[in-house]
Each structure stands twice: as structure tokens, then as C-alpha cells.
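A short worksheet on the structure shown next.
The values are calculated or read from the model by the stated rules, or taken from the named source; none is laboratory data. All of these numbers come straight from a predicted model, not from anything done at the bench. A quick note on method: Cβ atoms are made from the backbone with ideal geometry, for glycine too, and the neighbour counts reach across all protein chains shown.
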Amino acid sequence: MLSIVGRSANEFCDRQSRRQFLSLGGLALGGLSLPRILEASAAAGEPSGQKLSHKAVIMIFLSGGPSHQDMYDLKMEAPIEIRGSFRPISTNLPGVQICEHMPRLAQIMDKVTIIRSLYGSPDQHASDVCMSGYPIGGRGRQDGHPSLGSAISRLQGPVDKAVPPFVGLTIPTRHAPYSNPGLPGFLGLAHSAFQPDGEGMANMRLNGITLDKLRNRESLLASFDQFRHYVDVSPAMQGTDVFTRKALDVLTSSRLVEALDLEREDPVLRDRYGRGSSAPAFGEDAGPHWMDQFLMARRLVEAGVRCVTLSFGSWDRHGANFERLPEQLGKFDQGITALVEDLHARGLDQDVSVVAWGEFGRTPRINPGGGRDHWPQASCALLAGGGMRMGQVIGSTNRLGEVPQDRPIHYQDVFATLYRQLGIDVNAATIIDQNGRPQYLLERREPIHELI
């Protein structure tokens, strides 16, 4: 938990000890403090040379495994025990239909691409394959490989020293693999996601300035000025190591704090996204219906973050599939269309890639409890922005939605495309592992030609 506390700027030096002053641990993966992450980053060695132009990716994990045949691939010619009760609606792409519970998305289908033939994940309830391209394997989580966010942190570094290149917005879950924001793998903690979780942000205090007061720009700037002055002149701070001081650069940067402060946004735009709640969806152990995070992700990439990850919803619908999904699809429909349209309105659609997907699909046949079970054989994905070719559907499944039929697309094919749009050639880029060996980012290294 981040805790920078004090009654006033004048009382701060006398009333707070250095140990109390530097309570930063809760904003890092596994409880490691931000200074320690920065120290590990320096030890790992950062790439030198000219930085690439700022490209970014927003990765939305649909935790639990979304139902491809209830979202983008409805099988109306199949028997009732396959097709279910949802009906398709037409989109603004001739001949393309999607689920009736996503009417907003249907109107901007020219701005997205749907993959109907995704495959390549085992039956694992984990975000690993969606964050890295690798499922849990013999070498552990992500089979020991870095997530996309960690890889670009290593290869491209920060855009701004006070803005972390990789931010994870996932909420904690009892089933820990759901809340993996993207692990660093063999890159180590130097390239972990920066996680400004709800508890840490709710307890953030800067010399009496709480999050409730962040909208008061003058007070915020005054607090930063007083805090930085104390850092510069206090004898107590002279013994602080360089990594703690770098951490304080991040924590006192108005750029990062402003990006995390949604009160700075027009309420009309926040309502367009849908706001939502940080509570797990339906009270289940999964992601939230928190559309505010879609907006926060956009603000973070504008501030200089290269990769933002988040989780959304509870898609493990072994039961009550057709009772729960209408609400969830409606919230997803609102949040994702607001994000895509916002990126276009701001001219960011060429620079910010968006992907929304889950760890596998659902069974074609509806079970006796009115749900669909795990189905790794076929899944789906939505992509937008990033300068990719939009307004298309790639691939198909067979008549019952069981397996990819035309143009099978592997998870790693999507990653190869995302890396390309970030300016990274996966056929050339390598990262040194802990044994000193260069490792390619992916095993499959051909981008999806329809998207580039």
C-alpha cells in the first residue's frame, strides 16, 4: 500500500519517520516496493539507443473464457441445444452479424476486426496465454516467458521516466491466475507491471492531499512543490538510495497521478464509457464490470504507458449462461465501443492497439444447467486500432462452432501482429534469458497478413 502521509507540509518533516515516509510496497507485483523494481531494472540493464515512436497496446482479458457462439459466431442453423436463445443482428458491415446484446458494437464494426477461428490455448483458467502467448507450462506461469508488457518494457523502456511503461489494472482474485496482469518471466521483477490497485490508490496521501481532492489542481501542485522541496533539502533524505528517489519521481509526477484521476474527465464521457464497479462481476471470483478502467487505460497510454492490461467480467458460465450474459454483454458493448470511438476521436487509432479475448471458448452444446463448459478447441478475439486493417471478420468455425474451419488463427499469431504494430520485429528481436541465451519473443512469428 502506498502511504505518503502528513498533516501539513510544515509538520511533515518533524512528525513522520523515514520508514513511515517510504511505505511504497503495495504498488508493485508481489508486494515488492517500487524502489526495488527500479533497482532490479538498473541491474538488468536497459536497452540503449534511440527510442521508437510511442505506440501502445490495451489488453482486455475476458476472465473465464467467453462464449464465441454467443458473441460473434452465432450458429442459427444448428439445433436449439447448440444455438441457444440469443439472436443475431446486422452490423454496419454488409453480411456480418453479431449477438443482439451488442448493438453499439454492431454500429462500429467498420472500426474493429473479429477473429472467429482462434485456437492454441489448453484448458487452463488463467490469463497467461492472453498476456504472453504462452500458457502455463513446464517452466511455470507463461512457461517462463515474459508477457507482452514486460517484453516491451525491456525492449523499448519508458517514454517518460516518471511514467511506467507497463501498467496492470487487474483486480485481485482468489483464483490468482485470473489476476495475472502479465508476468515478467525470465526478465525478472525489473519489468513487472506497475499496479495502482484500488487499495493503494484509496490510501494515497500527499501531505494531506487525498484522491478526493485531486481535482483541485492548485492544491495538488502546491502539495507536489512542498513534497519535492522536502526531498531536495531534508538531511533525512540524503541517505535515500537512488532507486527510492527514482520511485519518488514516479509517485510525485503529476502526469501519472493525473492519468489515474478520472475526475478530470468530462462526466458525459465517463457516462458514455459506463463507469461500473470494482467489485467482481456477479459476486463471482473473476474480473469486474468496471468500464472506468477502459477510460483509465486510454488516459494511461496518452500519458506515456506502452502497455495497459485489465480484466473484465465473469465468463465461466457453466450455468445461467443466457440469464447472465445479456447484462454482461451489454456492459462490455458499452465499454469497448466507447474506447474504440474515443481513440478514433482523439486521433489515437493509428497508435493504440486494442485486443479483447479470453483463455478459451465454450462448448457448442448447452449443458443441462443451461450453461456452456470449457472448450479450448475454438475461441474468438476482438481487435481495434493500432494502424491495423479494420472492418473485417477473419476465419470461421464449422457448422456447430466446434473447431476452426477457414483461416485458423493461433494466439501467438495475434501477438506477432501486436508486436509488429508496436515497432518490434519478432523475427529479429531477442531478449537474453537468465542463462545468457538470446530468446525469441514467440515460437510463431508471422503476423496476420489480413491485418497489416
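In this structure, is Leu382 farther than 27 Å from Asp73 by Cα and of a type outside the set (S, T, N, Q)?
Numbers: farther than 27 Å from Asp73 by Cα: no; of a type outside the set (S, T, N, Q): yes.
So Leu382 does not fit the description; no.
Return the residue satisfying two criteria in turn: it lies in region 294-349 and is out of contact with any helix residue (DSSP H, G or I) (no Cβ under 8 Å at 6 or more places or on another chain) and closer than 22 Å to Ala56 by Cα, and of such residues it is surrounded by the most Cβ atoms within 10 Å (Cβ to Cβ).
Looking at residues that are out of contact with any helix residue (DSSP H, G or I) (no Cβ under 8 Å at 6 or more places or on another chain) and closer than 22 Å to Ala56 by Cα, I get Phe332.
Among the residues of region 396-417, which ones are part of a helix (DSSP H, G or I) and either surrounded by fewer than 18 Cβ atoms within 10 Å (Cβ to Cβ) or not hydrophobic (A, V, I, L, M, F, W, C) (or both)?
Step one: list which residues in region 396-417 are part of a helix (DSSP H, G or I), which gives 411-417.
Listed by number, the residues that qualify are Tyr411, Gln412, Asp413, Thr417.
Just one of Gln377, Gln434 is touching a Phe, Trp or Tyr at 6+ places or on another chain (Cβ under 6 Å), part of a loop (DSSP other than H, G, I, E, B) and of a type outside the set (Asp, Glu); which is it?
Within the list Gln377, Gln434, the selection yields Gln434.
Find the helices (runs of 4 or more DSSP H) located wholly in region 90-185 whose residues include 1 or more that are at pLDDT 95 or above, surrounded by fewer than 19 Cβ atoms within 10 Å (Cβ to Cβ) and of a type in the set (D, E, K, R), and list them. Quick ask: steps written out before the conclusion?
Values: elements: 103-107, 128-132, 148-156.
Once the helices (runs of 4 or more DSSP H) in region 90-185 are filtered for at least 1 residues that are at pLDDT 95 or above, surrounded by fewer than 19 Cβ atoms within 10 Å (Cβ to Cβ) and of a type in the set (D, E, K, R), what remains is 103-107.
Among residues belonging to region 70-89 that are assigned to a loop (DSSP other than H, G, I, E, B) and of a type in the set (D, E, K, R), point out the one that is surrounded by the most Cβ atoms within 10 Å (Cβ to Cβ). Walk me through it before giving the result.
Filtering region 70-89 down to residues assigned to a loop (DSSP other than H, G, I, E, B) leaves 71-79, 84-87.
Filter again for of a type in the set (D, E, K, R), leaving 73, 75, 77, 87.
Numbers: Asp73: 25, Lys75: 20, Glu77: 9, Arg87: 12.
Looking at residues that are assigned to a loop (DSSP other than H, G, I, E, B) and of a type in the set (D, E, K, R), I get Asp73.
Among (1) closer than 23 Å to Pro158 by Cβ; (2) out of contact with any Lys or Arg (no Cβ under 9 Å at 6 or more places or on another chain); (3) assigned to a helix (DSSP H, G or I); (4) aliphatic (A, V, I, L, M), there is one condition Leu295 misses while meeting the rest; what is its number?
Only one criterion in (1) closer than 23 Å to Pro158 by Cβ; (2) out of contact with any Lys or Arg (no Cβ under 9 Å at 6 or more places or on another chain); (3) assigned to a helix (DSSP H, G or I); (4) aliphatic (A, V, I, L, M) is unmet by Leu295, namely (2).
State whether one or more residues within region 391-400 are more than 27 Å from Gly149 (Cα to Cα), in contact (Cβ under 8 Å) with a residue 60 or more places away in the chain, in contact with a Pro (Cβ under 9 Å, 6 or more places away or on another chain) and among the polar types (S, T, N, Q).
Yes: region 391-400 contains one or more residues that are more than 27 Å from Gly149 (Cα to Cα), in contact (Cβ under 8 Å) with a residue 60 or more places away in the chain, in contact with a Pro (Cβ under 9 Å, 6 or more places away or on another chain) and among the polar types (S, T, N, Q).
Have a look at Ser48, Ser63 and point out the one that is of a type in the set (Gly, Ala, Ser), within 30 Å of His191 (Cβ to Cβ) and at pLDDT 95 or above.
On the way: Ser48 fails: at pLDDT 95 or above.
Step by step, each of Ser48, Ser63 is checked, and only Ser63 is of a type in the set (Gly, Ala, Ser), within 30 Å of His191 (Cβ to Cβ) and at pLDDT 95 or above.
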